[in-house]
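Taking it in order: structure first as structure tokens, then the write-up.
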Amino acid sequence: MEKPNVLAVIGPTATGKTALGIGLAERFGGEIVSCDSMQIYKGLPIGTAQPTPEEQAAAPHHLVGFLDVDEPFSVSDYVALAGKVVEDIRARGRLPILVGGTGLYARSLLRGFQFEGNARDESLRARLFAEDPEALYARLQSLDPAGAAEIHPHNVKRVVRALEYCLLTGEPFSQQAARSQQAEAPYRSLLLCPAFADRQLLYDRINQRVDAMLEQGLLQEAEAFYHHCEHMGTPSTAAQAIGYKELFPYFWGEVPLEEAVARVKQESRRYAKRQLTWFAREPGVHYLYLDGLTKGQALEEACAAAEAWLQERREL
């Protein structure tokens, strides 16, 4: 059976993925499936850089702002939900277009990773979340060095999930991950990755976007979320999102606002570097270097690459 096509616009933050995705959707009759682990949450449109209402009106969007910040959500949940959305889009005779920068989500969906569903214990998870994050990561390193190497120490949710699996099953989480990667890819996909040959151009865009977010009301949004988190038992995964966790110390009175904002920009730049490293390991990525290009020129290059790919697949 012929595998369905999925077009993906993936890559580092602040490279215009949303605009490219909308342009491609308009050109090829597509619908956008968000591939961002933070844009899923309700009430956090600015800090998570969700598509604006105007952008969402320009092309159908899915999996944006649908989940309460108190609700747990895993990569396996994403694969199951996004897979159903892709099926529905294809059933309507339209092209699914994956858009976002969460590499684990993109890889897991497009390669068809399988996940164990029985290694869960809510009480154990709550106890782990209550522990010191650095101690948690050190514990994971001792139990599963290979698994720990694939998880950033600040990604508390993934650290806890990996530890939970190790403690409940007695095997390293990385072994389960390795088994899942043996599954056959369910789609034929083209991965378009907007990037900059001159890394400083990307960093300048990141700094400018943080300034724009502040003008749009990021500080007020983060403060409301901060007060919400004060009354939660288990920490929200969204509280680890860049743009919130750096501002929380300002609300605690520990750092001045200028320093907190500088940290948001610094962590955003570091995140972009990690994203570039991640996507560099993905096979078959088609890079769109944006240096010197206008938005229109970048879209035309993306459309040309997608058109050639779809013609090869006899989809045009």
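The values are calculated or read from the model by the stated rules, or taken from the named source; none is laboratory data. Here the structure is a predicted model, which means the values were calculated and not measured. Methodologically, a virtual Cβ is constructed for each residue, glycine included, from the backbone with ideal geometry; neighbour enumeration extends over all protein chains shown.
Quick look at the values:
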quantity	calculated
Long-range neighbours under 8 Å by Cβ, at least six apart or interchain, first residue in contact (Cβ under 8 Å) with a residue 24 or more places away in the chain within segment 50-61, second in a loop (DSSP other than H, G, I, E, B) and of a type in the set (Val, Ile, Thr)	51/64
Index of the failed condition, residue 231 passing every other in (1) more than 22 Å from the chain's Cα centre (by Cα); (2) touching a residue at least 24 places away in the same chain (Cβ under 8 Å)	(2)
Count - residues of segment 43-72 that are buried (at least 18 other Cβ atoms within 10 Å of the Cβ) and part of a loop (DSSP other than H, G, I, E, B)	12
Neighbours by Cβ (under 6 Å, 6+ apart or cross-chain): first from segment 191-218, surrounded by fewer than 14 Cβ atoms within 10 Å (Cβ to Cβ); second not in a helix (DSSP H, G or I) and not β-branched (Val, Ile, Thr)	197/289; 197/291; 198/291
Residue 254, sole failed condition from (1) part of a loop (DSSP other than H, G, I, E, B); (2) surrounded by 15 or more Cβ atoms within 10 Å (Cβ to Cβ)	(2)
Unique residue being in a helix (DSSP H, G or I) and either without any contact (Cβ under 8 Å) to a residue 24 or more places away in the chain or within 19 Å of the chain's Cα centre (by Cα) (or both) when the list is 125, 161	161
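Rundown of residues vs (1) modelled with pLDDT under 90; (2) out of contact with any Ser or Thr (no Cβ under 9 Å at 6 or more places or on another chain), yes/no style:
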{"site": "124", "(1), (2)": "yes, yes"}
{"site": "130", "(1), (2)": "yes, no"}
{"site": "135", "(1), (2)": "no, yes"}
{"site": "140", "(1), (2)": "no, yes"}
{"site": "152", "(1), (2)": "yes, yes"}
{"site": "157", "(1), (2)": "yes, no"}
